[in-house]
Amino acid sequence: MLPALTQWLLELYPQYGFLRVFQYLTFRAVMGAMTALIIGLLAGPWVIRKLRELKIGQPVRGYAMETHLSKSGTPTMGGVLVLLAITLSTLLWMNLSNRFIWIVLVVMIGFGAIGWADDWRKVVRKDPEGMPSREKFLWQTIIGVLAAFYLMFSISETSNYRVLMLVYDWVSSGFSISLPPAASLLVPFFKEISYPLGVVGFLVLTFIVIVGSSNAVNLTDGLDGLAIMPVVMVGSALGVFAYVTGSSVYANYLYLPHIPGAGELLVFCAAMAGAGLAFLWFNAHPAQVFMGDVGALALGGALGTIAVIVRQEIVLAIMGGIFVVEALSVMLQVTYFKYTKKRTGTGKRLFKMAPLHHHFEKNGWRETQVVVRFWIITMLLILVGLTTLKLR
């Protein structure tokens, strides 16, 4: 919004040259982070107070850790604060004509709506399980497939008009058009190794990345501050990739595909970092508010969408290794339990409790130890992911 406003003012009053700073991407990214941080810090106490007045408190499952029983009643759905800060800051500092930011915002708000419905059932209907898994997955699938279909045609194009033309060509060709090289799967640490995905392959991979990231972040959000800080770090690192792929000079130098318009995602990533840090102020142990599914599902979906746009799906899995391991621990626990129960009549567990962070708690780690150590691991994985920019 502000870039368009200042551009209009410059056309009317060219003598105000200092307003050109609002056109600089890096300046807008910094201001986006600061704006989201300030919004989050200022609105946080009011949001927490309203959640308490509405009695929107976190229900604790009967089989939860004993140390978590004291958290029952802590305000949840605090992810609304994060989404509000990100959205307002992004709209304020973004180029309103950029299609990539709009699709990320749509995915984030869409998954946030699913999480809101899930949280609402937990706190209003007093159902600790919330929305049934099948219903939740259905809505995630709808949003994920629609986003994947749009991104399949938009990544290599420069405008929505050209996207529509590419869709028209695809339909006219009998759904057999080949996707451009920019839509291929990039393999990190190699200069020129990529795998053409084709239409079906791209749709499937994008769906898995977006929906998988959303659920992985949601599963990680089980301890005070555990999920939000990795989201901040991974989102910030993806912002670096967005800036690089959006620049033809940097992209060509680093052997990355040039995605016109992707650089604008740096503003969104910066706003995500600022809003996440503001939320951490209130979510640090002992937490005053929980993010809830409304925040975790939305932020995970946004990370997955950004990774697809900048063609760094594998790097996302590396940098978000904590999210991946947390999700795998649940999948392995459930699969092994069902398998052993079918074979022996008694279900066995690979971990003392899943997701994985609860396993370490069962082994005697304090909650703060688990959180900080997972943060440290994420920092190391972020560094590994960033090295793929140059080590090729």
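The values are calculated or read from the model by the stated rules, or taken from the named source; none is laboratory data. Being a predicted model, the structure only gives us computed values, none of them experimental. So basically every Cβ, Gly included, is an ideal-geometry build from the backbone, and we count neighbours across all protein chains shown.
Points worth noting:
- Pairing each residue of the stretch 372-392 that is within 23 Å of residue 245 (Cβ to Cβ) with any residue that is aromatic (Phe, Trp, Tyr) and in a helix (DSSP H, G or I), provided the two are 6+ apart or on different chains, yields C-beta distances under 8 Å for 389/241.
- Residue that is touching a helix residue (DSSP H, G or I) at 6+ places or on another chain (Cβ under 9 Å) and either at pLDDT below 95 or basic (Lys, Arg) (or both), where the choices are 121, 162, 134: 162
- For the stretch 123-151, the set of residues classified as of a type outside the set (A, V, I, L, M, F, W, C) and over 25 Å from residue 86 (Cα atoms) consists of 125, 126, 127, 128, 129, 130, 132, 133, 134, 135, listed by residue number.
- Elements of type helices (runs of 4 or more DSSP H) in the stretch 193-265, at least 2 residues being surrounded by 22 or more Cβ atoms within 10 Å (Cβ to Cβ): 198-220, 228-245
- Residue match in the stretch 344-353 (condition: free of Cβ contacts under 8 Å to residues at least 40 places away in the same chain, among the hydrophobic types (A, V, I, L, M, F, W, C) and either buried (at least 21 other Cβ atoms within 10 Å of the Cβ) or over 13 Å from residue 227 (Cα atoms) (or both)): yes
- Test result for residue 278, more than 14 Å from the chain's Cα centre (by Cα), surrounded by 21 or more Cβ atoms within 10 Å (Cβ to Cβ), touching a residue at least 12 places away in the same chain (Cβ under 8 Å) and assigned to a helix (DSSP H, G or I): yes
- Criterion (touching a Gly at 6+ places or on another chain (Cβ under 8 Å) and surrounded by fewer than 19 Cβ atoms within 10 Å (Cβ to Cβ)) met by exactly one of 134, 125, 121, 162: 121
- The set of residues in the stretch 353-375 that are assigned to a helix (DSSP H, G or I) and of a type in the set (A, V, I, L, M) comprises 356, 370, 371, 372.
- Taking (1) part of a helix (DSSP H, G or I); (2) surrounded by fewer than 17 Cβ atoms within 10 Å (Cβ to Cβ); (3) among the hydrophobic types (A, V, I, L, M, F, W, C); (4) at pLDDT below 90 in turn, residue 175 satisfies each apart from (1).
- Residues in the stretch 336-348 include none that are closer than 30 Å to residue 206 by Cβ, in a helix (DSSP H, G or I) and at pLDDT 95 or above.
- Residue in the stretch 139-150 that is under 17 Å from the mean Cα position of the chain (by Cα), within 25 Å of residue 56 (Cβ to Cβ) and either without any contact (Cβ under 8 Å) to a residue 12 or more places away in the chain or buried (at least 21 other Cβ atoms within 10 Å of the Cβ) (or both) present: yes
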